[in-house]
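Peer 1: Encoded as structure tokens, here's the structure I'll be asking about.
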Amino acid sequence: MKNQSYFQLRALLFPREKQKSVLFKLEELEEIWFCTRKNAKRKLKKMEEQQLLRYFPGKGRGNLSKLSFAHDFQTEVETAVQEFMDKKQLEEIIHILQLPIPKAWIANVSKEVQELFGLQSPNDSRDILRTIITREITTLDPLFVSVTLESYLVKQLGDTLVIYDRETDTIKPHLAHHWLVDEQSMEWTFYIRKGVRFHHQGILTSDDVKSTFERFNIASSPQRWLTQDIVKIECPTTYTIKFYLKKPNPFFLRYISSTNLVILPKDIPFDEYRWIGTGPFQLKERTDSKLILKAFEFYFLERPLLDEVEFWRVPMDPSRVTTYVVEEKKHELRIIEDSKDAHLKKTDIEVGFRFLAFNFNRDSVVQSHSFRKAIFHLLDTERMYQDLKREGFIEASSFFPWKSTTQKRDRSKVREYLAQSGYRGEILTLFSLDFPKALEEAEWIAEQAKLEGIILKHVPFSINQFYSNTIDVEADLLLMGEVATLDYHLSFLGAFYNEALFFRRLLKKEQLIVIEESLEQFKFEPNAMEREYWMEKVESYLRDQHLILFQNHPIKNRVFHPMIQDIRFESFGYVDLQKLWIQ
């Protein structure tokens with residue numbers, strides 16, 4: 001029986017195969033199998049015994065070894081996937097799908113693979129939602145979480161003292177049932193609900209809240225801005241907690257609603273693989289290939305209607321189409337991007353935007369405003385959409401779609417501004433995520449720049465490198481996106497205060513000081529309209545100085561079968577798992 005190691009071997013060497021034979025170095029196998037050279041040889045010997053291949057060791061130091069395989073790799077993949085399908089061995093299928101192999105090889109069974117994902121009803125009483133994610137999960141530690149999917153997962157696992165209500169634009173009670181604040185907005189008192197249970201059955205108290213907030217005192221947390229104004233925390237009673245701030249902050253209540261401030265138990269060290277919170281779902285399992293949530297039976301509010309939610313990592317095209325199947329009822333439910341037989345289609349403009357940023361902490365020509373103007377006139381995103389044969393272009397000139405207007409660009413001005421900038425043909429690095437659309441966009445920008453004499457070296461990076469300082473040190477330009485939570489105003493603050501996000505990482509100190517002057521005024525405004533004034537002032541500064549270049553607002557298309565009830569969306573456009581149910 002072929003195991004995971006065999007398929008890893010074939011996938012690694014397949015691009016170099018000729019007539020089922022290939023030359024290789026043992027070091028390559030040590031890396032993919034995470035083992036010693038001795039163990040790599042043992043594995044090869046075992047595969048020989050299974051008549052899967054023949055191994056010819058290289059003779060002498062530095063000479064390549066050779067493998068001759070018994071069967072065609074594509075045929076082996078197709079056969080294995082079909083066998084795993086017949087046996088409903090989902091984990092084995094996922095391993096195959098995660099390999100860097102041509103997606104066409106599983107085309108014949110792709111519909112059956114899709115049907116393993118969705119709403120499963122193994123019996124009349126349990127509902128399990130099975131869905132796909134296309135990348136690895138980074139961190140689930142609230143101290144560091146700054147990426148949309150991870151923030152969404154943390155919200156399922158934990159609760160905050162208060163929550164933001166988008167419909168009323170107000171803060172509502174949650175783990176805390178009441179709160180008081182003094183006239184200066186410097187002393188905040190919260191009264192905690194009694195009887196709230198953590199996933200390990202401990203009871204929530206004010207000591208847990210205090211311990212949670214004190215975790216943020218570590219200097220390395222990019223979310224430190226949420227708690228940095230707190231100078232003292234007191235627990236007058238088991239269910240009362242008081243925060244003392246070093247300066248007035250009327251917006252502090254909105255800080256408290258941030259997902260990063262979900263309350264953790266004091267009695268056990270935080271472990272993101274054994275995540276303990278008070279949330280509607282608890283972590284059942286987390287591996288490199290999957291994450292499983294199960295409904296928390298003792299949740300202090302309404303129990304989720306789903307029993308389990310499974311997130312499976314499949315970084316391949318088949319994940320773009322997710323089929324929802326209720327096995328007992330024999331109904332097929334689909335969420336797909338394009339469908340002629342769709343029952344209910346929801347199209348939303350994402351409250352977020354794509355942008356091109358400049359790294360002002362590197363000594364390069366991007367420091368020149370003239371150079372940034374040249375790139376502005378070069379970066380015609382509408383034309384990029386046309387060239388890449390995409391639809392649904394919505395130009396961005398603001399963080400928010402309803403504020404964006406058309407920005408006039410003139411390609412003929414590019415060379416004029418380049419001459420003013422002093423650019424002399426030096427190579428500049430353009431970083432982008434390694435997502436397919438981001439790669440396309442970065443390559444398009446590099447090609448257009450080359451036509452104007454600008455040399456951009458495209459450097460893709462993975463989401464797992466998001467928190468590293470590689471980009472800060474090596475990138476001259478960065479192609480990225482920003483997405484808001486349901487609390488647009490708190491998200492706006494976080495975009496500039498969160499030290500993991502690129503506005504704060506790439507802007508100069510002097511630029512951030514200008515922005516923060518407006519944000520300080522923003523916090524003291526009593527209503528949304530007056531806060532908008534300061535937000536628009538910040539955006540104008542970004543546009544006028546071309547500190548970032550706004551591109552477009554993405555569009556999300558979702559198609560649902562009418563049997564899926566109470567489809568509601570929460571932060572970052574994800575489905576509210578607590579309310580979802582099947583009729």
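The values are calculated or read from the model by the stated rules, or taken from the named source; none is laboratory data. Quick caveat: nothing in here was measured; it's all calculated off a predicted structure. We place every Cβ from the backbone using ideal geometry, glycine too, and count neighbours over all the protein chains shown. Heavy atoms of the whole protein, side chains included, go into the accessibility calculation; ligands, DNA and RNA do not. Shrake-Rupley method; radii C 1.70, N 1.55, O 1.52, S 1.80 Å.
Peer 1: In whole percent, what relative contact order does the range 377-437 give with Cα contacts below 8 Å and a gap of six or more residues?
Peer 2: Values: 27 pairs, mean separation 18.1, N = 61.
30 percent.
Peer 1: Go through 239-246, 265-272 and give me the packing order, highest mean Cβ count within 10 Å leading. Spell out each step's value before the answer.
Peer 2: Working: 239-246: 18.2, 265-272: 14.8.
Taking the mean over residues of other Cβ atoms within 10 Å, the ranking is 239-246, 265-272.
Peer 1: Could you size up the charge dipole of the range 1-64 around its Cα centre, putting +1 on the beta carbon of Lys and Arg and -1 on that of Asp and Glu, and report it in debye to the nearest 20? Each step should come with its number before you reach the end.
Peer 2: Numbers: 16 positive and 7 negative charges, 49 e Å.
My answer is approximately 240 debye.
Peer 1: With a point put 7 Å past each Cα toward its Cβ, work out how far ILE394 is from GLU525 in nm, to one decimal.
Peer 2: Going by the 7 Å Cα→Cβ label model, 2.2 nm.
Peer 1: Only Lys, Arg, Asp and Glu count, each charged at its Cβ (+1, +1, -1, -1), so figure out the dipole size of the range 440-564 about its Cα centre, rounded to 20 debye. Walk me through the intermediate numbers first.
Peer 2: Numbers: 12 positive and 21 negative charges, 55 e Å.
Charge dipole of the range 440-564: 260 debye, to the nearest 20.
Peer 1: With +1 on each Lys and Arg Cβ and -1 on each Asp and Glu Cβ, how big is the dipole of the chain about its Cα centre, in debye rounded to the nearest 20?
Peer 2: On the way: 82 positive and 86 negative charges, 362 e Å.
With Lys and Arg at +1 and Asp and Glu at -1, about 1740 debye.
Peer 1: For the range 237-251 and the range 170-213, what is the separation of their C-alpha centers, rounded to whole Å?
Peer 2: After rounding, the separation between the Cα centres reads 10 Å.
Peer 1: Is there a pair in LYS25/LYS66; LYS242/LYS523; LYS18/LYS41; LYS246/LYS508; LYS25/LYS45 whose C-alpha atoms are over 18 Å apart, and which pairs would that be?
Peer 2: Numbers: LYS25/LYS66 9 Å; LYS242/LYS523 21 Å; LYS18/LYS41 22 Å; LYS246/LYS508 26 Å; LYS25/LYS45 16 Å.
From LYS25/LYS66; LYS242/LYS523; LYS18/LYS41; LYS246/LYS508; LYS25/LYS45, over 18 Å: LYS242/LYS523; LYS18/LYS41; LYS246/LYS508.
Peer 1: Then there's this: Of the heavy-atom accessible surface of the chain (probe 1.4 angstrom), what whole percent is carbon and sulfur?
Peer 2: Working: 13380 of 27480 Å².
That share works out to 49 percent.
Peer 1: FRET efficiency for CYS35 and ARG61, Cβ-Cβ distance as r, R0 = 25 Å, nearest 0.05?
Peer 2: Values: r = 21 Å, r/R0 = 0.84.
After rounding, the FRET efficiency stands at 0.75.
Peer 1: Residues with amide H under 5 Å of SER397's amide H, sequence separation 5 or more or different chain, H placed in the peptide plane at 1.01 Å from N; which?
Peer 2: Close amide H contacts, sequence-distant or interchain: SER404, THR405.
Peer 1: Quick check: pseudo-label points 7 Å beyond the Cα along Cα→Cβ at GLU297 and ASP169, how many nm apart are they?
Peer 2: Placing both labels 7 Å beyond Cα along the Cβ direction yields 4.4 nm.
Peer 1: Follow-up question, since we're still on this one. Calculate the spin-label point distance for GLU517 paired with THR287, positioning each point 7 Å from the Cα along the beta-carbon direction, and give it in nanometres.
Peer 2: Placing both labels 7 Å beyond Cα along the Cβ direction yields 5.6 nm.
Peer 1: A further question on this structure: Any idea which of LEU478, SER397, PHE431 is furthest toward the positive side of the dipole for the range 397-493, if Lys and Arg beta-carbons carry +1 and Asp and Glu beta-carbons -1?
Peer 2: The Cα lying farthest towards the positive end belongs to SER397.
Peer 1: Using a Förster radius of 22 Å, what is the FRET efficiency between ARG215 and TYR273 based on their Cβ-Cβ separation? Nearest 0.05, please. Write down the numbers at each step before the final one.
Peer 2: On the way: r = 17 Å, r/R0 = 0.79.
Rounded to the nearest 0.05, the efficiency is 0.80.
Peer 1: Match the structure shown to one of the listed values (1) 157; (2) 188; (3) 172 of volume of the Cα convex hull per residue in Å³, computed from it, and give that label.
Peer 2: Entry (2).
Peer 1: Pulled fully out, how much extra length does the chain show between THR405 and ASP72, if you take 0.36 nm times their separation in residues and subtract their Cα-Cα distance?
Peer 2: 114.3 nm
Peer 1: In addition: Among PHE73, LEU97, ASN63, pick out the residue whose Cα is farthest towards the positive end of the charge dipole of the range 57-98, where Lys and Arg carry +1 and Asp and Glu carry -1 on C-beta, about the Cα centre.
Peer 2: Farthest along the dipole direction, towards plus: ASN63.
Peer 1: So how much slack lies between GLU510 and ARG197, counting 0.36 nm per residue of separation and subtracting their Cα-Cα distance, in nm? Walk me through the numbers before you get to the answer.
Peer 2: Working: separation 313, 0.36 × 313 = 112.68 nm, distance 4.64 nm.
Extra length available between GLU510 and ARG197 comes to 108.0 nm.
Peer 1: Over the chain, with the other protein chains present, what is the accessible area per residue in square angstrom, probe 1.4 angstrom? Please report the intermediate quantities before stating the final value.
Peer 2: On the way: 27480 Å² over 583 residues.
Value returned for the chain: 47 Å² of accessible area per residue.
Peer 1: Distance check, please: which entries in LYS389/LYS457; LYS413/LYS537; LYS413/LYS450; LYS172/LYS556 exceed 18 angstrom between their Cα atoms?
Peer 2: Details: LYS389/LYS457 24 Å; LYS413/LYS537 27 Å; LYS413/LYS450 15 Å; LYS172/LYS556 29 Å.
Cα-Cα > 18 Å for LYS389/LYS457; LYS413/LYS537; LYS172/LYS556; rest within.
Peer 1: For a label point 7 angstrom out from the Cα of THR237 toward its Cβ, which stretches of the range 193-214 have the backbone nitrogen within less than 20 Å?
Peer 2: Backbone N within reach: 193-197, 203-211.
Peer 1: Could you go through the range 469-481 in sequence order and give the Karplus-derived ³J(HN,Hα) for each residue, using 6.51 cos²θ - 1.76 cosθ + 1.60 with θ = phi - 60°, rounded to whole Hz, and x for Gly and Pro?
Peer 2: So the J values, rounded to whole Hz, are 9, 4, 5, 4, 8, 10, 7, 9, 10, 9, 9, 8, x.
Peer 1: In terms of modelled amide H atoms, which long-range or inter-chain residues lie less than 5 Å from the amide H of PHE431?
Peer 2: Residues meeting the amide H criterion: VAL459, ASP476, LEU477, LEU478, LEU479.
Peer 1: Next up: What is the gain in length, in nm to one decimal, between SER468 and THR134 on full extension, counting 0.36 nm per residue of separation less the C-alpha to C-alpha distance? Please list the in-between numbers first.
Peer 2: Numbers: separation 334, 0.36 × 334 = 120.24 nm, distance 2.06 nm.
This chain segment gains 118.2 nm when fully extended.
Peer 1: Towards the positive end of the charge dipole of the chain, with charges on Cβ (+1 Lys, Arg; -1 Asp, Glu), say which of ALA357, THR212, ILE463 has the farthest Cα.
Peer 2: Working it through, the farthest residue towards the positive pole turns out to be ILE463.
Peer 1: Pick out the long, greasy-scoring helices in the chain: whole DSSP H runs spanning 15 Å or more along their own axis by Cα, mean Kyte-Doolittle at least 1.0.
Peer 2: none
Peer 1: Could you run the Karplus curve 6.51 cos²θ - 1.76 cosθ + 1.60 with θ = phi - 60° over the range 257-267 and give me ³J(HN,Hα) per residue in whole Hz, x for Gly and Pro?
Peer 2: Listing the rounded values in order: 7, 4, 4, 5, 9, 5, 8, 10, x, 6, 7 Hz.
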